[in-house]
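Quick note: the coordinates plus some simple rules give every number you see, no bench work behind them. None of these values were measured; they are calculated from a predicted model. Glycine also receives a Cβ, built like all others from the backbone with ideal geometry; neighbour counts cover every protein chain displayed.
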Ligand code: GLP
């Protein structure tokens with residue numbers, strides 16, 4: 001699969017913001033899947049700067065830690081701070097995975113499913129919180145986080161002990177039903193895993209490799 005190498009982080013953020021803007025303008029009632037982490041921060045800043053109309057948009061976040069959603073380090077808080085509270089999106093239109101998972105997934109499928117899914121990639125090849133070994137058929141569910149992920153994500157917490165050990169995540173099967181998928185990756189530490197995922201064997205050991213089976217995926221990278 002082709003990896004589009006962009007010149008810097010700003011270029012990555014602007015390029016993906018162009019795709020989101022085009023989607024929202026072409027189809028105001030778009031259903032989007034959104035990521036968290038450090039990679040999309042520039043994208044969210046760029047989207048806020050453009051003052052787009054989000055009043056018809058419906059969003060679904062990829063994942064959330066098993067923790068109080070009002071905790072300052074939850075993904076609910078991250079999304080409110082970095083995107084939702086800075087746009088005119090309706091809070092009722094912003095969804096996070098919850099249990100039981102079936103009604104959550106049902107919401108995604110009403111009105112024709114997901115139009116655009118934006119993903120990041122973990123250093124172990126995870127997408128959302130689908131850790132290595134996750135079934136390609138997996139749906140939204142509670143998962144144990146790998147030691148690698150706990151270590152990687154400890155930078156967002158006061159200490160590694162504070163990182164939740166479990167999360168609720170969309171499954172790989174769920175993500176693959178999106179009509180269009182954009183994968184964003186930033187930093188030389190992601191390059192090897194990105195190459196393995198996009199051009200190596202398609203295997204559950206490398207969750208992101210499932211994207212090779214999708215017919216509408218674009219991959220953007222900057223170092
Ligand atoms: C977390 C999220 C993933 C995200 C990954 C990469 O583990 N659950 O959805 O893709 O981090 O994050 P970063 O962009 O900070 O490297």
Once both label points are put 7 Å beyond Cα along the C-beta direction, the residue 99-residue 73 separation in nm becomes 2.1 nm
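Need the full-extension length gain, residue 142 to residue 107, defined as separation in residues times 0.36 nm minus the C-alpha distance. One decimal, nm. Present the calculation step by step, with values, prior to reporting the outcome.
Values: separation 35, 0.36 × 35 = 12.60 nm, distance 1.81 nm.
Full extension of this stretch gives 10.8 nm more.
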The rounded separation in angstrom of the Cα centers of the range 30-70 and the range 151-173 is 18 Å
Fewest to most Cβ atoms within 10 Å: 83, 62 sort as 83, 62
Stretched fully, the stretch from residue 90 through residue 151 gains (0.36 nm per residue minus C-alpha distance, one decimal, in nm) 18.6 nm
The simple spin-label model distance between residue 205 and residue 166, using points 7 Å out along Cα→Cβ, in nm, is 2.9 nm
Percent of all alpha-carbon pairs of the range 56-196 at distances over 19 Å, whole number, is 54 percent
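Relative contact order of the chain, please, whole-number percent, based on alpha carbon pairs below 8 angstrom and at least 6 residues apart. Please report the intermediate quantities before stating the final value.
Numbers: 438 pairs, mean separation 56.8, N = 223.
In percent, rounded to a whole number, it is 25.
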Length gained, residue 18-residue 53, 0.36 nm per residue minus C-alpha separation, equals 11.2 nm
